[in-house]
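Shown next, in structure tokens, is the structure this report addresses.
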Amino acid sequence: MSDLTETEIVEAVRRGRREGQTAMVGRYAQLVFAMIARQVPDTLDAEELTQDTFLRAFDHIDSYDAHKASLSTWLCRIAYRLTLDFLKRRRPVIVSIEDSKVWQTDISDEQLEAELSTGREERIEQLQEVMDDLPDDERMLLTLYYFEDRPLTEIAYTTGIEAKPLANRLYRTRKKIFQKLKMKDEK
Amino acid sequence: MDKRYNDTDLREALHRKYADTPQLPADFMTKMEQRMDTKPVAKTRRLWAWLSAAACILLIIGIGLHVQFEGASHPIAQSGTPNQSIGHVQSFNRARPVAQSDTSNQSKVLPNFLIGQGQSVNRVRPIHQPGRPNDPIEACQPINRDAPIEKQVMTDSDPDLHYAAADLTKDTIPYQDPARVDDYIFQLAEHHQVKQGQLTCSLPVDSSVVSSVYVFPDKDEINLFSRLLQVACWYDTKTSGYHLNFSQQQFFFELKDMRRHLQYRWIAERINGRILFYSTHAPLGIKVSSACYQDYRNELMYQNSFNSKTKKL
């Protein structure tokens, strides 16, 4: 592992120096790969997307602003876009008819949180199934928020969506999940 | 904003789901270095960027000159020739709203008790032809809501009121028949020789739920998405059950017909050079699943991949 600091890595990559590029890959490849591999089931595809992420980062290093985000967050931002594009090409996004009913469900934030925190084994298993039915961007949002435990402001930077609309989207996704669980229960 | 939701079930489900996230392959760095070696230098990218910018500018100038030339040499065409551009909306003669008496409507409307007995609504083709499939596309024009409704219709001179407003009532908005969307699509499909397929979207099978599907080629000459948007814009946003959602990839439109107690849904999606268009109407309150659409799409995609594989063999 290289001893270069983040600033030094960025500077070296800006100058097109190979050791900077190698250091960047060595330090962040696992993080980026893990993020991609969670959404892209094929390891070879995930590997290729990880490589694409770094190559794009080398090309666009001039646009990186250390005041806005850390280098790892910036790389995740690139990885997020590439992964979404890849998934879109693979399977078109389908809006379920049930999606349009999401806003018709009248449930408070607290109730929703209680419904999604029952601790019941059956509910957790149902949630694992429901997760697969979600659109890619919503599933990625949940992964970043709940699994990677990132703050909303950081996710906002990663996804390129402003924090407030992002918070709404998160709420909407949780509500959708609740709706789907309810439908499963009814069945 | 930074409120953290606990949602422990959700967290646990995600942790279980991603417990086995694969590790970075051991030879990743070697492969990466190979790609770094073969990657073209950034200068090539810059050259392409400059070339693209120059091409765009030339294209804009070209279009500008063309439009100018057309305007100078064909002044009449601007007011009468059908044009696919949404920008030329105001220049066309628009269909006028026609006030229909209740008696004229009776032949087309099935009584509610029939719907209640599980019969599908067999619509008679409308007397007033909805916009022909080869008509130019018109952009949305807001309906003048400030003017009194009766005046809007009776004067028969409001160019913004579409023929979809087919009846006079004392309601807050004029009645607009959602079935006209289906009529329009039916004609469009006929014009482009696209066959209509039937789907079963209710389990158990309920004959009052009528679903059909069309597979349109995704061609500029049909321009289906723009046409669908145009159709959606016929309807006042205050129409019962109005729900419109669209993107470059998808179109979703929903309406309710409170007179006939029917709910309508139309969904279009772009897939591999084609547009799948689904249409469903069902009595109000009946749940309609979208699984039939997904099944149809999967079946279609499976057939395609099978056919292409067979061709290769």
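Bear in mind these aren't lab numbers, they're just calculated from the coordinates by the rules spelled out. Remember, predicted model here, so these are calculated numbers, not experimental data. Ideal geometry is used to build each Cβ from the backbone, glycine not excepted, and the neighbour counts take in all protein chains shown.
Worth a mention:
- Full-extension gain in nm, residue B:272 to residue B:258, via 0.36 nm per residue minus C-alpha separation: 1.3 nm
- Rounded to the nearest 0.05, the FRET efficiency derived from the C-beta distance between residue A:168 and residue B:284 at R0 = 25 Å is 0.30.
- Anisotropy class of chain A from Cα gyration tensor, a/c 1.5 cut: prolate
- Listed residues A:20, A:160, A:119, most fluctuating in chain A (Gaussian network, C-alpha, under 10 Å): A:119
- A cut-off of 5 Å between modelled amide H atoms, ignoring neighbours fewer than 5 places along the same chain, links residue B:257 with B:262, B:263, B:264.
- The distance between label points at residue A:120 and residue A:7 comes to 5.5 nm (points 7 Å beyond Cα on the Cα→Cβ vector).
- Equivalent ellipsoid, segment B:252-299 (semi-axes from 5 times Cα gyration tensor eigenvalues, Å): 24, 12, 6
- Peptides ranked, highest mean first, by Cβ atoms within 10 Å: ranges B:278-287, A:39-48: B:278-287, A:39-48
- Inter-part distance, segment B:170-232 to segment A:130-183, computed on C-alpha centroids, equals 33 Å.
- Segment A:6-90 pair-distance distribution - Cα-Cα, 5 Å bins, rounded %: 3, 16, 29, 24, 16, 9, 4, 0
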